[in-house]
Each structure stands twice: as structure tokens, then as C-alpha cells.
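Shown next, in C-alpha cells, is the structure this report addresses.
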Amino acid sequence: MKTFNLGWLLFVAILLISALPFSQASRSKQHKVRTGVFRSPQIVLGPGSVANKLFSNIDFPRGHIALKSFDAEIIDESGNPVPLYDTYLHHWLVLKFYVRKGLENQDISKLNSSDYISGRNSGICQDGALDQFFGLGSETRRTKTHIPDPYGIEIGSPTKIPSGFVETWGLNVHAIDTRGVEDRMGCTECRCNLYNVTKEENGTPLSPNYDGGLLCCYDGTKCRLKDGFIGIERTLYLQYTVKWVDMNSLIVPVNVYIFDVSDIWKRSRNSTGINSEHNCQVEYQVESCRATGSENDKCIDAESVSLDMPFGGYLVYGGAHQHAGGTGSALYGKDGRSLCSSIPIYGTGEEAGNENGYIVGMSTCYPKPGTKKISKGETLILESNYSSIKQHTGVMGLFYILVAETLA
């Protein structure tokens, strides 16, 4: 039987380690992931009531860093997860703002427009629509948000913060207390008749064809309760967990893009050439196949939109946002090649994260690096499908992607 000198074995081991790519060895050393768990300011809700709050200058990691994930859920004062059938989480959004120095602790909604700048994502929606970097709804507990190495969302870069301003973060939370309501799903779809709403929050009369959506469940509205129901107010929080690493030369930045299947857009010309004007509606209505006379075996409402993309790069992550009734969404590239498909996960139980009948998660895509390239100017097709066995109001067909301009 052969024997080996211990020194010789050590020498071989050193050779094997040194043969690893430098970047792999360096990244494992440099990418120390940090984790922070934070809570929003309190959200007070009584049965049937709605909170749609924008919290300014929230607790958030600071410095020149790369975000790796953002996960959130509604909890009570004791830290217990609150199920969707008690408090429906319509959505939460994480937004970046550059605020004039000295004003960062003030409510951003009360600032003059000259005192802050939206640090929006790289998406194509305009006029303040879908500016968020992260955002989910009822699917929040079972939807992956992790960004794989060596990628990350770069924030806090001193070269990108306007002079005289500081980078701050805001949190929009839209929650509906459905304890004791007459029609839980109707309340979560923000049906106007259940909220007894005929005007928008600013007083503008609603269109007669608008049956439900965000315009009917704004902050302070209340969904109809069952006769005689009495319940107490509760104090809740959005608890969010953020993971990040220090920014360094080994991190490959990704850009955040959000597409909307209800985007009404057109091409326009100016002195610099052809541009696109996007009007993202954010929500739309699905009519019952029986009401429209299109009843068939499937009863699926299929919406799609083609979008000319002003960027190029490599797909790192993808996932959709849909409401109850959704059956899936997909993003396609030129010639119909599949970029990402995202399918809803419906709950089957009573515990938080598995509530029966609710979308409790969306599948996500993590393509092998370099396999999903999007070319600048390429036409992409976004599809969003819903069951149309019955009418659904205020539904959404959004698609989030992260794109790296270069490979690792």
C-alpha cells in the first residue's frame, strides 16, 4: 500500500486552491451579507377599514451598498404574522427619493416639489407610475426576492446623489381589514359599491364603467360590514427584512424594470429621434366570460402588450404580480423566445402564508447567466392571464425584471 508524505499532500492542496478563479475566491471573501429587520410605523385598522400610507425616510440600510433581497409581511403588536383573510395586503412598495439636506425627516408628501427628486427605477412607465425598486402584495411571504451573486442593486453611490440632496427611502403600504366584512373577495378587489364610493379621493366623479379598483379603496375608506358585526381596532406593522453587501468592484449592478400589461403607449418624434410615451394604467378590469358572451371551456382573459425596449443586457431575475383570479404571466423576446414565466401559488389552508383562495406566492425566474439576453430596441411581449369565470376588478398584470448590462 502506497503512503504519501504530509508535506506533499499540503503542496497539492495549495495548488488546487490556487487554481480556482481569482474572482470566485475573492467574491466568497468580499461578499459578507448583512441582514436588517425593521418595522414600519404603526398602522391602525378597524374592521372593514383601509390604510394606504406613504411613510417617509424609513429605517433602511445606508451607505454605498448593493441590495440583495427585500422581504416583508404584516404582523401584529406581538410580532405574530397576520393572515390575509383578516388583513389583506394589497401591496407594499419601496421607493427612493433624493431630498434636500435638512428636510429628510419631514413628510415627503408635504414638501415642495423643488425639495425632492424621485430616484425611480429604470423602467419605462412615466408620470410617477411604478417607480418602486421592490414591491409585492398578498404573494409576499412565498415569493423569492433574492438577487444571486455577484449581482446587486447598487444604492448610495456618492456620484449619483444630486448636490445638496440626501438619499432617503419611502414605504407605501396598502392594507384592507376584512374582519367581519360582507364580501371578503369583493373588498380585496376594491369594488366601489361595497365601499359606497362614487368619487375619487380628490373629489373627481368616477366613470360609470369603473366598477372597482384603487380609486375606490383609498386611505380612510371602509368596506361594508355584516349587519351587527362589532370588532376592535388593531395596531399592525409591515415588518421587512433587508439583505445587502458593501459595494465593491466585484459586484455587478443590475437595473430594475417594471412592465405593465395595461400600458397605453405610443411612439413620438422629437429633435433627438423616436421616443416612446408610456401611460401605465397599473390596473384593469376582467369581465365575466358569461357577461361578454365569450364563454368557453377555459374562460381565460388574456391580455398582452408589445413594448419597444430602450435598453440592453442580460436577464438576472424575473417575476410577475397578479391578484386573485390570476393564472400566470409571461415575458417573451423577439421571435417569441421565452424570457420568463411566472405562475401564482394559491393557498390551501388557514395559516399565514397558505390562506385558502388567496395568491400567496409567485414563481420567479433565475436564468443561467448569459442565457437570456435582451437587445437594445428589442420588442418584448408581456402577457397576463386571468380566469374570467366571474368578473374581477382592480386586477394587475405587472412584471419585474432585473437586468445586468454586463456579465460577471
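The values are calculated or read from the model by the stated rules, or taken from the named source; none is laboratory data. Keep in mind the model is a prediction, meaning the values are calculated, not measured. Here Cβ is always computed from backbone atoms with ideal geometry, including for glycine, and neighbour counts include all displayed protein chains. Please note that ligands, DNA and RNA were not included when accessible areas were found on the heavy atoms of the full protein model with its side chains. Shrake-Rupley method; radii C 1.70, N 1.55, O 1.52, S 1.80 Å.
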Rounded to the nearest 10 degrees, the helix 6-18 long axis (Cα) sits at an angle to the longest Cα principal axis of the chain of 50
On the accessible surface of the chain, probed at 1.4 Å with all protein chains in place, carbon and sulfur together account for a percent value of 51
For region 352-393, listing trypsin sites (Lys or Arg not before Pro) in a DSSP loop whose Cβ sees at most 12 other Cβ atoms within 10 Å gives Lys376
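Do any trypsin sites (Lys or Arg not before Pro) in region 130-223 lie in a loop, going by DSSP, with at most 14 other beta-carbon atoms within 10 Å of their beta carbon, and if so which? Numbers along the way, then the final one.
Values: sites: Arg141, Arg142, Lys144, Lys160, Arg179, Arg184, Arg191, Lys199, Lys222; in loops: Lys144, Lys160, Arg179.
Filter output for region 130-223: Lys160.
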Connecting every pair of Cα atoms under 10 Å apart in the chain and solving the GNM, the largest mean-square fluctuation among Gln322, Gln391, Gln285 falls on Gln391
Phi angles of region 206-219, converted by Karplus (6.51 cos²θ - 1.76 cosθ + 1.60, θ = phi - 60°) into ³J(HN,Hα) in whole Hz with x for Gly and Pro, give 6, 5, x, 8, 8, 8, x, x, 4, 5, 10, 10, 7, 4
Of the candidate values (1) 23, 50, 25, 2, 0; (2) 24, 55, 17, 4, 0; (3) 25, 58, 17, 0, the one computed for P(r) over Cα pairs in 20 Å bins from 0, in percent from this structure is (2)
Expected field for His146, accessible surface area in Å² at 1.4 Å probe radius, rounded to 10, holds 90
Cα-Cα longer than 20 Å, checked against Lys266/Lys376; Lys96/Lys368; Lys96/Lys199; Lys96/Lys376; Lys53/Lys160, kept in input order, equals Lys96/Lys368; Lys96/Lys199; Lys96/Lys376; Lys53/Lys160
When the chain is treated as a Gaussian network with springs between alpha carbons less than 10 Å apart, the largest mean-square fluctuation among Asn112, Asn385, Asn80 is found at Asn112
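So what's the back-of-envelope 222 nm ellipticity for the chain, counting only DSSP H runs of four-plus at -39500 (n - 2.57) apiece and dividing by all residues, rounded to 500? Before the final figure, lay out the partial values.
Numbers: 5 runs with 35 residues, N = 408.
Estimated from H runs of four or more residues: -2000 deg cm²/dmol.
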Relative contact order in percent for the chain (Cα pairs under 8 Å, 6+ apart) equals 22
In a Gaussian network model of the chain with springs linking alpha carbons closer than 10 Å, the residue among Leu236, Leu206, Leu171 that fluctuates most is Leu206
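Taking loop as defined by DSSP and a crowding limit of 14 other beta carbons within 10 Å, which GluC sites (Glu not before Pro) in region 326-376 fit?
Working: sites: Glu350, Glu351, Glu355; in loops: Glu350, Glu351.
The qualifying sites are Glu350, Glu351.
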Taking only the alpha-carbon positions of region 307-393 as identical scatterers, the Debye log10 I(q)/I(0) at q = 0.10, 0.13, 0.22 Å⁻¹ comes out as -0.32, -0.52, -1.03
